[in-house]
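Q: One structure, as structure tokens, below. Some questions next.
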Amino acid sequence: MRAPDTISLYDQFARGWRGFALIALIGLVSSQFGAGRIPVIDTDEARFAQATRQMVETGDYTEIRLQDEARNKKPIGVHWLQAASVQLLEPFSGRRNAVWPYRLPSALGIVLAAMATLWGGAALIGQRPAFFGAGLFAAGMLAGFQGMLATTDALLLGFTTAALAALARLRAPPEADARFGPRAVSLVFWTALGCGVMIKGPVTPLVVGLTLLALAGWERRAAWMKPLLWWPGPALALLIVLPWTIAIWLRTDGQFFHDMLFLDIAPKLLGGHEGHFALPGFHTFLLPFLIFPATYALPAAARIIWDGVRAPRGDEAHAGVRFLLAWAVPTLIFFELAPTKLPHYALPVYPAIALLCGAGLAAMHGRRWRSTHPAGLVLFAVSGLVIVTLMAASATFMPGDGAADFRRAVSTALIGLGIVGAAFTGLIMLHRPVARAAVLVMCALALSFSLRERLLPEARSLFVSNEATAALTRARLTPRDDRPLWVVGYSEPSLIFLTRTSIRLAEPAEASAQAQTGDAMIVEGRLLQTMASELAVRGLIFASAEPPVRGFTLGRGERVALFVGEISEAAALSEAADAPPQSP
């Protein structure tokens, strides 16, 4: 794609290291909104954080265990990075159940993905469109949210995008960047591929393989891939992957890989994992909302795609578009056809789509496209209204009655509408791509700040474990070595992370048979009567010490009421109640 004839100050800025620094800053800021304020979220984030915490506590950095029994069926790379972050920042956090150090590696994953998007995109579509696309991606709603969570997805995205950006550099003409020779780029590719395997097994090789197969089939040439066969590259990837692979194989007699394949990966692909079934089209339907603010440029990206598809196979002017389509389309189809679907599964294709949006945004200024701007405004407005509606709904989970919920929802909606409305006006009045890109990025950052820094931390009803831990603290019933904590009817990993690894999650029969006088206990309301009957057989009683903690559990998807108290002898409690009051 032809660069502007005159080099403006903006182009000079975007072409240098300052452009990478700005894109990294956008990604870091977007990922850090709420990272220090939102409590640990069920279920995936709490599982990853708790597994890392137990790794640090036990000093076992080879195998991951959840509490004392169930092995985690995931590669270990994310836990190593989280453990390093926790130990490095422990003097600042002060405790190992502060979640923000566990989240920092994910933020760095988004920073890596954003910088790789700019690096690879510059070779495919030019520096200016790539800068637009990388900025839109870094500020994206889903990318920023995943960068805040202590899970694998942001890190996986970072290494996958780096591998594909290296392929883009190999595919580009040699004069695209003389600073990076083919062998150096090959080493970057294999390093990113090996790290991606350590983060989430076969996902990075899957996306890379689908991209290479689609591109080779479309263009019917693969000579540019030869530098990938230079032997130090594959050897470096094996050096990254093999040591831990051999160690965990010997330690578990191969059981770890059996569990990962048949209990984790295969169920996801066959639709039997966690019950998250959805029809094909799920990811495509959510794309305009999750890739926001790049939503505005999707119609322009569609025009770019149409031109690229119609161009002759050997047309080098559209080679970058072909590469981005080979990156995005096969992987998106794969995840659409997989029965198990969660919104973040398709995240590896978002950098490619954002680059296409950046190319469309840059091309709108110089072409007579009558429909792309109005269509983009409509998509932007609809997606923005949906996001504002979700923000208003989250405000209803703050403490208070129905009238307070209504007032907070209305005020939140007005603030969100003001942000989207200001951006909508800016897109109408401003015509330069640079100005429109700045408006879009600022709009997304403002919405993310409002949602994750202001609203969600105060939506206490969504974080039941955090409220239950606060109730334990007020009642002076936090678990310690000489006083265990029994939890009956509530098994969210966030409660383990916020208290102690050694707390006892039990069924009513087990808890009533083993609990002793003075033990702390949390009982879910639907099992309160059953627990009372079981304890009465032993002459014990559960004495609630706090009003019940009520809220909506994100892991279970239902409302719960948790009663916090301790175990007492029924006779002693009855005598204390019947004793006459003493005079002062």
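The values are calculated or read from the model by the stated rules, or taken from the named source; none is laboratory data. This one's a predicted model, so the numbers in the text were calculated from it and none came from an experiment. Reconstructed Cβ throughout: ideal geometry from the backbone, glycine too, with neighbour counts over all protein chains shown. The accessibility values were calculated without ligands, DNA or RNA, using every heavy atom of the protein model including side chains. Shrake-Rupley method; radii C 1.70, N 1.55, O 1.52, S 1.80 Å.
Q: At 7 Å along Cα-to-Cβ for each site, give me the label-to-label distance between L242 and S533 in nm.
A: Label at L242, label at S533, 6.2 nm between them.
Q: For D481, D60, D401, give the ranking by accessible area with the largest first, probe 1.4 Å.
A: Solvent-accessible surface, decreasing: D481, D401, D60.
Q: Next question, about the same structure. If you take the Cα atoms of the stretch 47-165, find Rg, then find the Kirkwood Rh from the mean of 1/r over all pairs, what is Rg/Rh? Numbers along the way, then the final one.
A: Details: Rg = 16.3 Å, Rh = 15.2 Å.
Over the Cα atoms of the stretch 47-165, Rg/Rh equals 1.07.
Q: What base-10 log of the normalised intensity I(q)/I(0) is obtained for the stretch 285-442 from the Debye formula, alpha carbons as equal point scatterers, at q = 0.14, 0.18, 0.19 Å⁻¹?
A: For the requested q values the scattering log ratios are -0.80, -1.11, -1.18.
Q: Report, in debye and to the nearest 20, how large the dipole of the chain comes out about its Cα centre when Lys and Arg carry +1 and Asp and Glu carry -1 on their Cβ.
A: Working: 50 positive and 42 negative charges, 543 e Å.
Dipole about the Cα centre, nearest 20: 2600 debye.
Q: Carbon and sulfur atoms: what percent of the 1.4 Å accessible area of the chain do they account for? Please report the intermediate quantities before stating the final value.
A: On the way: 16430 of 25670 Å².
Using a 1.4 Å probe with all protein chains present, the chain comes out at 64 percent carbon and sulfur.
Q: Provide V564, V386 ordered by accessible surface of protein heavy atoms (probe 1.4 Å), highest first.
A: Values: V564 0, V386 55 Å².
Descending accessible area places them as V386, V564.
Q: Per-residue ellipticity at 222 nm for the chain, helices alone: DSSP H runs ≥ 4 residues times -39500 (n - 2.57), over residue total, nearest 500 deg cm²/dmol? All intermediate terms of the calculation are to be shown ahead of the outcome.
A: Details: 25 runs with 355 residues, N = 584.
Calculated mean residue ellipticity at 222 nm is -19500 deg cm²/dmol.
Q: Cα axis of helix 100-125 to longest principal axis of the chain: angle in degrees, 0 to 90, nearest 10?
A: So the inclination is approximately 10 degrees.
Q: Give, in whole angstrom and from largest to smallest, the semi-axes √(5λ) of the equivalent ellipsoid of the chain, with λ running over the eigenvalues of the Cα gyration tensor.
A: 49, 29, 19
Q: Kindly count the pairs of lysines across the chain whose alpha carbons are less than 26 Å apart, treating pairs on different chains or eight or more residues apart as eligible.
A: 9
Q: If you don't mind, another one. Would you mind finding the longest exposed-site-free stretch of the chain, with exposed GluC sites (Glu not before Pro) meaning DSSP loop and at most 12 other Cβ atoms within 10 Å?
A: Details: sites that count: E69, E274.
That gives 275-584 as the longest site-free run.
Q: If you don't mind, another one. Could you give the nm distance between label points at T62 and V378, where each point is 7 Å from its Cα heading toward the beta carbon?
A: If labels sit at T62 and V378, their model points lie 6.1 nm apart.
Q: Nearest 10 degrees is fine. How inclined is helix 298-310 to the longest principal axis of the chain, computing both from alpha carbons?
A: 50 degrees
Q: If the viscosity is 0.890 mPa s and the temperature 25 °C, what Stokes-Einstein diffusion coefficient in µm²/s follows for the stretch 412-544 when Rh is the Kirkwood radius over Cα pairs? It would help to have the intermediate numbers written out before the result.
A: On the way: Rh = 18.4 Å.
Value of D from the Cα-based Kirkwood radius: 133 µm²/s.
Q: Report the calculated FRET efficiency for F406 and R559 (r = Cβ-Cβ distance, R0 = 22 Å), to the nearest 0.05. Spell out each step's value before the answer.
A: Details: r = 20 Å, r/R0 = 0.89.
Efficiency, from the Cβ-Cβ distance: 0.65.
Q: Also, quick follow-up: Across the Cα atoms of the stretch 87-150, what radius of gyration and what greatest pairwise Cα-Cα distance (Dmax) are found, in Å?
A: Answer for the stretch 87-150, Rg first and Dmax second: 15.1, 47 Å.
Q: Further question: On average, how much accessible surface per residue is there in the chain, in Å², for a 1.4 Å probe, leaving out ligands, DNA and RNA?
A: Details: 25670 Å² over 584 residues.
Heavy-atom SASA per residue in the chain reads 44 Å².
Q: Turning to a different aspect of this structure: Could you tell me which residue out of Q82, A14, A326 lies farthest along the dipole of the chain toward its positive end? Charges go on the beta carbon: Lys and Arg +1, Asp and Glu -1, centred on the Cα centre.
A: A14
Q: Would you work out which of G59, A235, S512 lies farthest towards the positive end of the dipole of the chain, given +1 charges on the beta-carbon of Lys and Arg and -1 on that of Asp and Glu, about the Cα centre?
A: A235
Q: Among P433, G416, V388, whose Cα lies farthest out toward the positive end of the dipole of the chain, if unit charges sit on the beta carbon of Lys, Arg (+1) and Asp, Glu (-1)?
A: So the residue furthest toward the plus end is P433.
Q: Taking Cα atoms, how many degrees apart are the long axis of helix 372-395 and the longest axis of the chain, rounded to 10 and kept between 0 and 90?
A: Helix 372-395 and the main axis of the chain meet at about 10 degrees.
Q: Enter the accessible area of L238 (Å², nearest 10), with the probe set to 1.4 Å and all protein chains included.
A: L238 has an accessible surface of roughly 100 Å² with all protein chains in place.
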